[in-house]
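> Let me give you the structure first, and then I'll get to my questions.
Every number here is computed from the coordinates shown, using simple stated rules; none is lab data. Here the structure is a predicted model, which is why all the values come from computation and not from measurement. Cβ placement follows ideal geometry from the backbone for every residue including glycine, while neighbour counts extend to all protein chains displayed.
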Amino acid sequence: MATKPLFTGNEMIPADASVLFDGTDLSKWVHGDGSPASWKIENGYTVTQKADIHTKEVYGDCQLHIEFWLPLMADSFGQARSNSGVFFMGFTYEIQVLDSYGLDSKNDDCGALYSVIPPMVNACRPPETWQSYDAIFRAPKFDEAGNKVANARVTVLHNGVIIHDDVEIPHPTPDHNAADPKEPGPIQLQYHGNDVRFRNVWVRPL
Ligand code: MG
């Protein structure tokens with residue numbers, strides 16, 4: 001029996017992917033209090049506002065595709081410049097979203113595993129252009145006694161350029177002292193006060 005093709009033509013999304021946001025509705029997302037995701041939707045994208053959103057579904061090992069657009073904030077700098085973030089396993093492991101165009105990337109710049117590992121290279125496009133992350137995330141592993149036997153790992157392509165090559169994430173990125181989660185968790189997008197846009201979000205559990 002032939003395997004069902006992932007592509008039958010020029011599709012941009014493989015047939016086995018779960019589409020989390022197609023530009024029209026956020027029905028697969030909620031806020032932290034469980035209320036429906038209320039971010040504005042227009043012109044095929046959503047704009048961060050009010051609070052973070054996360055998927056209703058939970059994921060462990062997975063491949064994620066997401067596109068983002070950062071407003072030009074010429075009078076803001078550092079972490080105040082078009083900040084957001086893409087998180088795995090809830091508010092646990094962040095790939096930073098920030099306008100870091102042209103900078104010498106530090107561990108809090110765009111593409112960084114926030115406050116832990118800077119990107120291998122600064123692959124940012126300028127603000128007000130669409131950018132992409134493709135990430136292969138591996139959840140931390142535990143033995144039967146609940147001891148961690150493998151750190152979380154991630155490979156990330158930023159605009160098609162590899163910026164993390166199967167690197168270990170030794171601990172959660174917002175709180176370095178927090179425990180690594182033992183169970184799968186949602187994918188979370190950060191509201192950090194800036195009008196960051198997202199579109200074309202899909203995931204493939206691995
Ligand atoms: Mg952030």
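> For region 123-132, indicate whether the set of residues that are within 16 Å of the ligand (Cβ to nearest atom), under 30 Å from ILE41 (Cα atoms) and surrounded by fewer than 23 Cβ atoms within 10 Å (Cβ to Cβ) is non-empty. Break it down stepwise before answering.
Step one: of region 123-132, the residues within 16 Å of the ligand (Cβ to nearest atom) are 124, 127, 131.
Subset that is under 30 Å from ILE41 (Cα atoms): 124, 127, 131.
Pick out the ones that are also surrounded by fewer than 23 Cβ atoms within 10 Å (Cβ to Cβ) and you get 127, 131.
There is at least one residue in region 123-132 that is within 16 Å of the ligand (Cβ to nearest atom), under 30 Å from ILE41 (Cα atoms) and surrounded by fewer than 23 Cβ atoms within 10 Å (Cβ to Cβ).
> Tell me yes or no: at least one residue of region 181-190 is among the acidic types (Asp, Glu), within 16 Å of the ligand (Cβ to nearest atom) and either assigned to a loop (DSSP other than H, G, I, E, B) or in contact with a Lys or Arg (Cβ under 6 Å, 6 or more places away or on another chain) (or both).
First, the residues of region 181-190 that are among the acidic types (Asp, Glu): 183.
The next check asks that each one be within 16 Å of the ligand (Cβ to nearest atom); those that pass are none.
For region 181-190, residues among the acidic types (Asp, Glu), within 16 Å of the ligand (Cβ to nearest atom) and either assigned to a loop (DSSP other than H, G, I, E, B) or in contact with a Lys or Arg (Cβ under 6 Å, 6 or more places away or on another chain) (or both): absent.
> Turning to a different aspect of this structure: Does any residue of region 153-169 turn out to be more than 17 Å from the chain's Cα centre (by Cα) and either farther than 30 Å from ASN43 by Cα or surrounded by fewer than 17 Cβ atoms within 10 Å (Cβ to Cβ) (or both)? Break it down stepwise before answering.
So the first thing to find is which residues in region 153-169 are more than 17 Å from the chain's Cα centre (by Cα), and the list is none.
The answer is no, given that none of the residues of region 153-169 is more than 17 Å from the chain's Cα centre (by Cα) and either farther than 30 Å from ASN43 by Cα or surrounded by fewer than 17 Cβ atoms within 10 Å (Cβ to Cβ) (or both).
> Now for a separate question. Could you count how many residues in region 2-48 are of a type in the set (Val, Ile, Thr) and surrounded by 15 or more Cβ atoms within 10 Å (Cβ to Cβ)? Spell out the reasoning first.
Residues of region 2-48 that are of a type in the set (Val, Ile, Thr), as a first pass: 3, 8, 13, 19, 24, 30, 41, 46-48.
Pick out the ones that are also surrounded by 15 or more Cβ atoms within 10 Å (Cβ to Cβ) and you get 13, 30, 41, 46-48.
Within region 2-48, residues that are of a type in the set (Val, Ile, Thr) and surrounded by 15 or more Cβ atoms within 10 Å (Cβ to Cβ) number 6.
> I've got another one for you. Kindly indicate which of GLY193, GLY111, GLY146 is part of a loop (DSSP other than H, G, I, E, B) and buried (at least 21 other Cβ atoms within 10 Å of the Cβ). I'd like the intermediate steps shown before the answer.
Working: GLY193 fails: buried (at least 21 other Cβ atoms within 10 Å of the Cβ); GLY146 fails: buried (at least 21 other Cβ atoms within 10 Å of the Cβ).
Just a single option satisfies the conditions, and that option is GLY111.
> Filter region 51-98 for residues that are more than 15 Å from the ligand (Cβ to nearest atom) and polar (S, T, N, Q) and give the result.
Scanning region 51-98 gives THR55, GLN63.
> On to the next question. So VAL19 ticks every box in (1) out of contact with any Leu (no Cβ under 9 Å at 6 or more places or on another chain); (2) not in a strand (DSSP E or B) but one. Which box is left unticked?
Among (1) out of contact with any Leu (no Cβ under 9 Å at 6 or more places or on another chain); (2) not in a strand (DSSP E or B), the lone unmet condition for VAL19 is (2).
> Just for region 99-108: of the residues that are within 15 Å of the ligand (Cβ to nearest atom) and touching a residue at least 24 places away in the same chain (Cβ under 8 Å), which one is surrounded by the most Cβ atoms within 10 Å (Cβ to Cβ)?
So, considering only residues that are within 15 Å of the ligand (Cβ to nearest atom) and touching a residue at least 24 places away in the same chain (Cβ under 8 Å), the one surrounded by the most Cβ atoms within 10 Å (Cβ to Cβ) is ASP99.
> Considering (1) in a strand (DSSP E or B); (2) among the charged types (D, E, K, R); (3) more than 15 Å from ILE66 (Cβ to Cβ), say which one GLU128 fails and leave the rest.
Exception for GLU128: condition (1).
> Test VAL167 against the stated conditions and say whether it is away from the ligand (no atom under 16 Å from the Cβ), in a strand (DSSP E or B) and more than 28 Å from LEU26 (Cα to Cα).
Yes, satisfied.
> Now, a different point. Evaluate region 145-156: report whether one residue or more is touching a residue at least 40 places away in the same chain (Cβ under 8 Å) and not hydrophobic (A, V, I, L, M, F, W, C). Before you say what the answer is, go through the steps one by one.
Of region 145-156, the ones touching a residue at least 40 places away in the same chain (Cβ under 8 Å) are 152, 154, 156.
Retained after the next criterion (residues that are not hydrophobic (A, V, I, L, M, F, W, C)): none.
No: region 145-156 contains no residue that is touching a residue at least 40 places away in the same chain (Cβ under 8 Å) and not hydrophobic (A, V, I, L, M, F, W, C).
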